[in-house]
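J.: Next up is a structure, given as structure tokens.
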Amino acid sequence: MSVSPSVSAPAQVSGTPKTPTQADLLDFVRRTAADAELIASLPLDPEGRTWVRLDGPGGSEAWLIGWPPGTGTGWHDHAESVGAFITATGELKEHSLAARLPADGWKTLELTEGVDRERRLPAGQGRAFGRHHVHEVLNESRDQHAISVHAYYPPLPQIRRYSRTGQVLRLEHVERPQDWQ
């Protein structure tokens, strides 16, 4: 299912879409999350996450995602893409690493102390992030769905999935667009 939000993308320059910045993506997800009709249109599943692809600004990839109670993404990054997301309803929690990791060529890293960050993102709260941002997003509620809006540019070339035990981060596998679209 594809849904187009009732928000406008950044202006075009000379007939070519402007490359969206992190700020553009954050502005887009904020405006999209404020579209109550769009948010209410997302079908919610009590067992697993649901999602609908949206038309993001300047050729970006965007998603409306439903999170049942107790669900999460696991540790991952969005490779070379920058991004932004916001909680539209409910509350999400983000664990992230305040460290730039090598892009390629590793399977296991030992993280230094003090790199862990945690954010609570109630409805209306979100954030932008840069390339190679490693994080996990969770809906810790026991009884309430959360809905969020996400945007990435360039469109996601891959998502790298990690496992984490203590301070050890291990690359487990790499997903390509055909795995989630």
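J.: For residues that are within 30 Å of residue 36 (Cβ to Cβ) and not in a strand (DSSP E or B), scanning just the range 85-134, find the one that is modelled with the lowest pLDDT. Please lay out each step first, then the result.
T.: So in the range 85-134, the residues within 30 Å of residue 36 (Cβ to Cβ) come out as 85-96, 118-129, 133.
In the following step, the residues that additionally are not in a strand (DSSP E or B) were identified as 90, 123-125, 133.
Numbers: 90: 98, 123: 98, 124: 98, 125: 98, 133: 91.
The qualifying residue modelled with the lowest pLDDT is 133.
J.: To continue, here is another question. Write out, first by first residue and then by second, each pair whose Cβ atoms fall under 8 Å of each other, whose residues are 6+ apart or on separate chains, and whose first residue, in the range 99-111, is basic (Lys, Arg) while the second is open to solvent by less than 90 Å² (accessible area, probe 1.4 Å).
T.: 100/132; 107/171
One line per residue, one yes/no per condition, for (1) closer than 14 Å to residue 87 by Cα; (2) surrounded by 14 or more Cβ atoms within 10 Å (Cβ to Cβ):
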| position | (1), (2) |
| --- | --- |
| 114 | no, no |
| 121 | yes, yes |
| 133 | no, yes |
| 139 | yes, yes |
| 151 | yes, yes |
| 165 | no, no |
| 169 | no, yes |
| 176 | no, no |
| 179 | no, no |
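The values are calculated or read from the model by the stated rules, or taken from the named source; none is laboratory data. These numbers were taken from a predicted model, which means no experiment stands behind them. So basically every Cβ, Gly included, is an ideal-geometry build from the backbone, and we count neighbours across all protein chains shown. When the accessible area is computed, the model is the full protein with side chains, heavy atoms only, and any ligands, DNA or RNA have been set aside. Shrake-Rupley method; radii C 1.70, N 1.55, O 1.52, S 1.80 Å.
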